[in-house]
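A short worksheet on the structure shown next.
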Amino acid sequence: EADSANLLPLLEKQWGTARLDHLRQIGRIAQQLGTPAYLVGGAVRDLFLKRYAPDLDVAVEGDTRMLAEACKAQIHGAHYQFHAQFGTAILEDSQGVALDLAQCRLEHYPAPAALPEVHPGNIHADLARRDFTVNAMAIRLDPQHFGILLDPYDGQADLQAGLLRTLHSRSFLDDPTRILRGLRFATRFQMDLAPECHQQLKQALQADIFTQLSGARLWRELRYLLELEALPVALSLLTAWKLWFLLRPTPPASNTMPTLLQRGQEQIQWLSAQFPEEPLAIFIPMLTLIWQDVTLRDIQHYLDRWPVPDRSQLLADLRVLPGLPDTLLKAKRPSQKANIWQGVSVAGILAAMAIYADNPTLVDSARLYLQVQRRLPSPFNGQELQTLGLKAGPSLGKTLKLLREAQLDGEISNKENAQQWLIKQGILPPNPL
Ligand code: CTP
């Protein structure tokens, strides 16, 4: 029987003793407190998939803070942070390895796509509130039953068959984010929806369920999707599951989108290798590429609903992208080219490099800008120009811009020739003899 399978040998093989010992200690302490603890969610699923789960989630039938406190007292070097808002605790061992403690809960959805009402419950209630059978398994941590699998929905069988199955027929209506979570799981683990869930998906779409989901929640799920390494592969699922409308008014007309996104990912990797310390939101260049052939009016409609950061820059990029090859061709001087790139965000430049991958002149110009031109230190800053006798104000800004351009065009390279150049331009008075 699936429910009584003992996973100890598998656990030992996959995780080794340090992690298991830590879980054993937690299970023992939880038992002492009379609040049994279970390993739940993605880590149990990943165990069967033979994937190393970086994050461990432990569900407790009782007070998480009390358990965290007892672990701190009894486990050498352990400490925790409690999040009162969610009633969760992050427990860290002496090596700084963290694990999430959450109280088992029962969820009730007062309306479709609304946030659920939450009450304390037992492990069975906690598994019953989950998205898919493969995510609704638990492993007992109490000493007498350590390593025993709880699998009330036969998640192990679905995992083996590669099927994502909801726990009940209203699941997608209760929480449409499960559809996008499903799409991500299907992509990452090469799974498909169970046949009855394709039907549930169809019903949820007919009920226009996504219009009832808040823009913030939808955007969060879309962002995770856009950040998927296997995003190019996920596109065929967007087609099969009829979900393109979430991102654009119509599916892409040609089948070049996967290649385009893959090129975008390669450019992002290139840039992160060049500048590892530079923070870069992967989802913005991906969205730019997905929207490169969509009208600005349609894009505006999506942007109105989602809390996308820097939306005006994103729109500006999309406006510039189609004409870029021509605009750059007309720009003769290096400074003119750099000025064009300066009006585009880094995300937009990466998108341009993907769109115009077969235009080496454009790609080289983009690389030169990203690697060198945008970071060129100016020979003088505003303060220094003032000590040379220039007045603060808009004209100073103009002078700084002229200096930058002269520098980009190779006319100046240091303080001395920059000063001579300013004299020649009539910006500084000639040197007294
Ligand atoms: N979960 C759920 N419904 C949600 C969100 C989460 O049922 N809308 C449950 C699932 O059981 C899931 C667990 O909470 O396994 C943890 O969620 P999350 O961390 O988002 O995903 P993981 O399954 O852990 O997958 P991964 O971290 O590998 O993406």
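The values are calculated or read from the model by the stated rules, or taken from the named source; none is laboratory data. All figures in this text were calculated on a predicted structure; none of them were measured in a lab. A quick note on method: Cβ atoms are made from the backbone with ideal geometry, for glycine too, and the neighbour counts reach across all protein chains shown.
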What number goes with the only condition from (1) touching a His at 6+ places or on another chain (Cβ under 9 Å); (2) surrounded by 20 or more Cβ atoms within 10 Å (Cβ to Cβ) that ALA128 does not pass?
(2)
Which numbered condition ASP364 misses (of (1) in a helix (DSSP H, G or I); (2) of a type outside the set (Phe, Trp, Tyr); (3) modelled with pLDDT under 95):
(3)
Count of the stretch 381-394 residues which are exposed (fewer than 11 other Cβ atoms within 10 Å of the Cβ) and part of a helix (DSSP H, G or I)
3
Hey, among LEU350, LEU314, LEU324, LEU328, which residue is touching a residue at least 60 places away in the same chain (Cβ under 8 Å), crowded, with 19+ Cβ neighbours inside 10 Å and of a type in the set (A, V, I, L, M, F, W, C)?
LEU350
For GLN292, indicate whether it is exposed (fewer than 13 other Cβ atoms within 10 Å of the Cβ), outside the structural domain of GLN212 (by TED's automatic domain parsing) and touching a residue at least 40 places away in the same chain (Cβ under 8 Å).
no
Evaluate the following for ARG404: is it surrounded by 12 or more Cβ atoms within 10 Å (Cβ to Cβ), among the basic types (Lys, Arg), without any contact (Cβ under 8 Å) to a residue 40 or more places away in the chain and in a helix (DSSP H, G or I)?
no
Restricted to the stretch 20-76 and to residues being hydroxyl-bearing (Ser, Thr, Tyr) and crowded, with 18+ Cβ neighbours inside 10 Å, the residue farthest from the ligand (Cβ to nearest atom) is THR35
Considering only helices (runs of 4 or more DSSP H) wholly within the stretch 224-319, the ones with at least 1 residues that are under 19 Å from VAL363 (Cα atoms) are 257-274, 283-290
Could you list, in sequence order, the residues of the stretch 149-182 that are in contact with an Asp or Glu (Cβ under 8 Å, 6 or more places away or on another chain) and more than 27 Å from LEU231 (Cα to Cα)?
LEU149, LEU150, ASP151, PRO152, SER169
Taking the stated definitions as given, is LEU10 more than 22 Å from GLN156 (Cβ to Cβ) and either of a type in the set (A, V, I, L, M) or modelled with pLDDT of 90 or more (or both)?
no
